[in-house]
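Undergrad: Please find one structure pasted underneath; my questions will follow.
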Amino acid sequence: MKTKMHGNPMFVAGKWIEKEDVIEVLNPQDNSFISTVPSASKEDMLLAIEEAKEGAKIAAKMPVHLRISILNKAAEHIEENQEKFAATIALEGSKTIREATAEVRRCIQTLKISAEEARRIHGETIPFDQAEGSEDRIGYYYRFPIGIIAAITPFNDPLNLVAHKVGPAIASGNAIIVKPATLTPLSALLLAEAFDYAGLPPKVLSVITGKGSKIGDLLVTHPAVRMVSFTGGLDTGEAIARKAGLKKISMELGSNSPVIVLSDADIETAVESTVSGAFYAVGQNCLGVQRIYIEEEIYEKFSTLFIDHVSKYKVGDKMLETTDMGPMINEREAIRVERWVDEAIAKGAKLLIGGERNGAFYSPTVLTDVPSNCTIAQQEIFGPVVLLYPVADFDSAIEKSNDVNYGLQAGIFTKDIDKAFEAIGRMDVGGIMINDSSDYRIDGMPFGGVKGSGIGREGVKFTIQEMTEPRVVSFKLAHKRLFS
Ligand code: NAD
């Protein structure tokens with residue numbers, strides 16, 4: 001991957017830096033060359049951390065009105081350059097241009113919400129006189145920024161998932177160092193450009209491109225870094241959590257999300273929603289639909305309609321507005337998906353449609369009768385494959401939904417309000433969507449999972465909670481009581 005070519009510089013504490021050592025960014029559709037980014041060294045990362053120490057002081061002192069205007073200006077810059085941002089996401093990643101455009105709109109929202117939430121970082125007064133001997137105290141707590149945040153992000157939403165860390169960090173007065181996914185660094189650099197344009201003081205933000213294996217350890221273990229905000233796979237997340245030591249950790253990890261379809265559901269709506277949820281972004285979506293549990297009496301009707309919808313999916317050139325699904329992020333990932341599907345078929349699963357690979361392209365694939373000892377039945381597929389399971393009843397659907405080591409989001413289609421409430425109580429997930437698939441999110445809602453899906457919540461206001469710490473203030477009065 002290393003060449004001597006020069007392309008995009010990286011953003012180190014407000015300066016755009018080029019390097020001899022670079023990484024090529026390729027278009028997964030045909031492996032064509034897009035650009036290069038620096039392959040940062042440990043020294044580069046150390047410099048970013050040293051500068052961020054100063055950046056954290058600058059960020060914390062920035063008045064809220066300035067944080068608001070910078071966040072809004074960055075959002076406006078992205079709005080004015082929407083086409084460029086969308087084309088970059090689509091070119092370097094595997095989203096279609098339609099999906100990429102939707103991500104840009106989401107990113108603008110994330111930054112605008114961050115600007116709004118900046119004015120709502122509240123503390124509260126504390127009734128100290130609840131404790132005997134403290135009748136002469138009054139006080140409160142503020143929420144203070146924690147300092148330097150390390151943000152490590154995945155390839156599948158290369159802009160908005162970076163904005164979900166940078167927006168709240170700036171809103172809450174922190175410095176932040178982003179290590180974007182090695183395969184898709186260009187969108188994160190465009191975001192840095194937006195903040196540079198918006199007048200963010202130097203040293204508050206760095207976007208350091210390079211390999212996690214080379215610069216990751218330094219970033220997550222450095223004692224000056226007070227929080228690691230990671231979005232990515234379970235294995236990487238666990239390894240980082242073990243190394244990080246005594247600092248805050250936020251882990252937004254993967255899942256193999258379930259959706260339950262009960263016999264009273266509107267089948268057409270359930271099919272449309274679950275097909276889209278399974279194949280959005282080529283199934284490389286942390287809340288994508290992987291397992292669908294359908295009550296037996298409607299199974300035939302549901303699966304026939306489902307296959308009919310999937311058969312109409314247009315797979316091809318991701319830059320065309322008419323394309324529904326592009327390539328996976330690279331051929332290696334498509335080969336992994338192919339292997340998992342083949343393993344399931346060898347163990348007795350039935351292929352209903354798909355199962356074909358051409359380079360990085362993998363056709364939308366539907367399996368049924370998948371034995372529980374298959375990798376695909378337990379792990380996150382993170383590709384365009386969905387499993388259909390007929391189930392005898394609601395109870396069995398809930399039990400099977402929960403019987404995995406993940407729990408990010410789930411969906412249930414039913415008109416029965418009692419069953420919906422029962423599912424809310426019994427499903428082990430961070431979010432449950434009634435009459436929607438698991439693939440539903442807005443940027444202002446709490447988002448995150450349980451079990452192997454992570455620790456903590458994102459969604460601007462909730463990220464700000466994680467990125468700040470309360471500081472208690474107590475005044476000892478000369479007189480006994482404030483109110484007498
Ligand atoms: P990944 O775990 O392979 O990589 C994520 C990031 O970690 C990348 O930037 C990578 O370079 C970096 N990294 C790798 N090794 C590192 C190390 N030793 N130290 C520091 N950083 C290191 O994930 P991916 O393949 O890019 O993304 C797919 C995964 O992300 C899926 O599991 C998906 O479900 C998950 N994801 C979760 C959410 C969420 O919000 N819960 C959102 C999107 C994606």
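Undergrad: List, in the order given, every pair from Lys95/Lys347; Lys57/Lys248; Lys73/Lys248 whose Cα-Cα distance in the structure shown is over 23 Å.
TA: Working: Lys95/Lys347 32 Å; Lys57/Lys248 19 Å; Lys73/Lys248 29 Å.
Table pairs above 23 Å Cα-Cα are Lys95/Lys347; Lys73/Lys248.
Undergrad: Here's a follow-up. Extension gain Thr375-Ile34, at 0.36 nm per residue separation less the Cα-Cα distance, in nm? Each step should come with its number before you reach the end.
TA: Values: separation 341, 0.36 × 341 = 122.76 nm, distance 3.44 nm.
Result for the pair: 119.3 nm of gain on full extension.
Undergrad: Considering amide H positions built from the backbone, and no H for Pro or chain starts, which residues 5 or more places from Thr36, or on another chain, come under 5 Å of its amide H?
TA: Amide H neighbours of Thr36, under 5 Å, 5+ apart: Gly7, Asn8, Val25.
Undergrad: OK, next. Quick one: P(r) of segment 53-199 from all Cα-Cα pairs, 5 Å bins, percents rounded to integers, in order of increasing distance.
TA: Percent of Cα pairs in each bin: 2, 10, 18, 19, 16, 11, 8, 5, 3, 3, 3, 2, 1, 0.
Undergrad: Give me a comma-separated list of calculated 3J(HN,Hα) values for segment 457-463, in order, Karplus coefficients 6.51, -1.76, 1.60 applied at θ = phi - 60°, integers in Hz, x for any Gly or Pro.
TA: Taking θ as phi minus 60°, the curve returns 10, 9, x, 2, 4, 6, 5 Hz for segment 457-463.
Undergrad: Short version: ³J(HN,Hα) in whole Hz for each residue of segment 251-268, in order, from phi by Karplus 6.51 cos²θ - 1.76 cosθ + 1.60 (θ = phi - 60°), x for Gly and Pro, what are they?
TA: Working through the residues one at a time gives 10, 9, 10, x, 6, 10, 4, x, 9, 9, 10, 8, 5, 8, 6, 6, 5, 4 Hz.
Undergrad: Considering Cα pairs under 8 angstrom that are at least six residues apart, work out the relative contact order of the chain and quote it in whole percent. Spell out each step's value before the answer.
TA: Numbers: 1145 pairs, mean separation 89.6, N = 484.
With pairs under 8 Å counted, the relative contact order is 19 percent.
Undergrad: Same structure again: Cβ neighbours within 10 Å, averaged per peptide: list 146-157, 357-368, 102-113 in order, most packed at the top. Please report the intermediate quantities before stating the final value.
TA: Values: 146-157: 25.3, 357-368: 20.4, 102-113: 22.9.
The peptides rank, most packed first, as 146-157, 102-113, 357-368.
Undergrad: Give me, ordered by chain and number, the residues 5 or more places off Ile294 or on other chains with an amide H under 5 Å from its own placed amide H.
TA: Val261, Tyr389, Val391
Undergrad: Hey, another quick one. Which distance in nm do the two modelled labels at Lys301 and Lys61 give, with both placed 7 Å along the Cα-to-Cβ direction?
TA: Placing both labels 7 Å beyond Cα along the Cβ direction yields 6.8 nm.
Undergrad: Let me have the 222 nm mean residue ellipticity of the chain computed from DSSP H runs of 4+ only, each contributing -39500 (n - 2.57), with the sum over all residues rounded to the nearest 500. Let's see the in-between values first.
TA: On the way: 15 runs with 191 residues, N = 484.
Mean residue ellipticity at 222 nm (helix-derived): -12500 deg cm²/dmol.
Undergrad: Taking the Cα centre of the chain as the origin, how large is its charge dipole in debye, to the nearest 20, when only Lys and Arg (+1) and Asp and Glu (-1) carry charge on their Cβ atoms?
TA: On the way: 53 positive and 65 negative charges, 449 e Å.
Roughly 2160 debye, rounded to the nearest 20.
Undergrad: In addition: How would Leu351, Leu189 line up by accessible area, probe 1.4 Å, largest first?
TA: Details: Leu351 75, Leu189 5 Å².
Correct descending sequence by accessible area is Leu351, Leu189.
Undergrad: Could you give the nm distance between label points at Ile335 and His479, where each point is 7 Å from its Cα heading toward the beta carbon?
TA: Output for this residue pair reads 8.0 nm.
Undergrad: Applying 1/(1 + (r/R0)^6) with R0 = 22 Å to the Cβ-Cβ distance of Ile126 and Glu469, what FRET efficiency is obtained, to the nearest 0.05?
TA: On the way: r = 16 Å, r/R0 = 0.71.
After rounding to 0.05, the efficiency reads 0.90.
Undergrad: Heavy atoms only, probe 1.4 Å: what % of the accessible area of segment 345-484 goes to carbon and sulfur, would you let me know? Display every interim value, and only then the final one.
TA: Details: 3460 of 6520 Å².
In segment 345-484, the share of accessible area belonging to carbon and sulfur is 53 percent.
Undergrad: By a straight-distance test (C-alpha under 22 Å), which lysines pair with Lys415 as possible cross-link partners, with residues fewer than eight away in the same chain excluded?
TA: Lys301, Lys400
Undergrad: Let me ask something else. In Å, what Kirkwood hydrodynamic radius results for the chain from the alpha-carbon pair distances? Walk me through the numbers on the way to the answer.
TA: Numbers: mean 1/r = 0.0424 Å⁻¹.
Kirkwood hydrodynamic radius for the chain: 23.6 Å.
The values are calculated or read from the model by the stated rules, or taken from the named source; none is laboratory data. Here the structure is a predicted model, which is why all the values come from computation and not from measurement. Note: ideal-geometry Cβ built from the backbone for every residue, glycine included; neighbour counts use all protein chains shown. In case anyone asks, the SASA skips ligands and DNA or RNA and just uses the protein heavy atoms, side chains included. Shrake-Rupley method; radii C 1.70, N 1.55, O 1.52, S 1.80 Å.
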